[in-house]
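Some notes on the structure that comes next.
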Amino acid sequence: MGAARILVVDDDPAVRDVLRRGLSYEGFAVDTAGSGEEALTLARERLPDLVILDILMPGLDGFEVLRRLRAADPHLPVLMLTARDAPADQVRGLTEGADDYVVKPFTFEVLVARVRALLRRRQLEQPEVLRYEDLVLDTGRRRARRGNRDVELTATEYKLLYLFLRYPERVLSKEFLMDRVWGYDFGGNTNILEVYIKQLRQKLEAGGERRLIQTVRGMGYVLREE
């Protein structure tokens, strides 16, 4: 398993740079975002193992980003790093789903210790392994396998496959899938779902395996044998 990937979200470029360099030195893979919108895009493209999130940002603030990250992945560790030190802000952050709350200015060594603690806690949690026929999704490691073959997935493909394996042999409507995967920002583009279904099928069938994601015309898609 590779280095844990951390997404740093802060509108201050100096803070982003310090954390990027420091966390990279500590052995983590680091992505950075200067806004809430950029953070959500990055989180969809490359699944982070942990998010360090500021509150005060233009556009979407940290609380809204936290809410949307939680809707997409309830188990993603989120550490809020902010200058807002009022008890009410700390209570709100933890109540809305943050796993830890660190106030600026901060000591880097303490921050890294808290990051490692959150990652250890996640690893100790019992992972969920979803199976259907020869298709396996390990949600703890976020890895997919078809038979003896590993399947590399993007963040969006992972979320789609998770839904199919969560509800096997049930027809899932296009509206349900778009709402659960893209939610607030699919922009009404219904074609995007078809594109990702095609990509997911190609990856799952790359070794000549039989098709498991079936189209139900006029209704949606279903995970079942032909």
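Descriptive notes on the structure:
- Sites V195 and K104, calculated FRET efficiency, Cβ-Cβ separation with R0 45 Å, nearest 0.05: 0.65
- For the chain, the Rg and Dmax computed from alpha carbons only, in angstrom: 18.9, 58
- In degrees, nearest ten, helix 62-72 long axis to first principal axis of the chain (Cα): 20
- Sorting 165-176, 76-87 by average packing, meaning the other beta carbons within 10 Å per residue, from highest down gives 76-87, 165-176.
- Taking amide H as placed 1.01 Å from N in the peptide plane, V8 has its amide H under 5 Å from the amide H of D31, T32, A33, I52, each at least 5 places away in sequence or on another chain.
- Under Karplus coefficients 6.51, -1.76 and 1.60, residue-wise ³J(HN,Hα) of the stretch 145-156 in Hz, glycine/proline x: 9, 10, x, 9, 10, 6, 10, 7, 10, 6, 4, 5
- Computed over the stretch 124-165, the P(r) tail beyond 12 angstrom holds 56 percent of alpha carbon pairs.
- Surface analysis of the chain yields an accessible area of 52 Å² per residue, using protein heavy atoms and a 1.4 Å probe.
- As a fraction of the 1.4 Å probe accessible area of the chain, surface on carbon and sulfur atoms comes out at 48 percent.
- Lys pairs, the chain - Cα-Cα below 27 angstrom, 8 or more residues apart or on other chains: 5
- Applying a DSSP loop filter and a limit of 11 other Cβ atoms within 10 Å to the GluC sites (Glu not before Pro) in the stretch 51-153 leaves E125, E152.
The values are calculated or read from the model by the stated rules, or taken from the named source; none is laboratory data. Treat the numbers as computed from the prediction; the structure is a model and nothing was measured. All Cβ positions, even for glycine, are placed from backbone atoms using ideal geometry, and neighbour counts span all protein chains on display. Remember, those area values only see protein heavy atoms, side chains included, never the ligands or the DNA or RNA. Shrake-Rupley method; radii C 1.70, N 1.55, O 1.52, S 1.80 Å.
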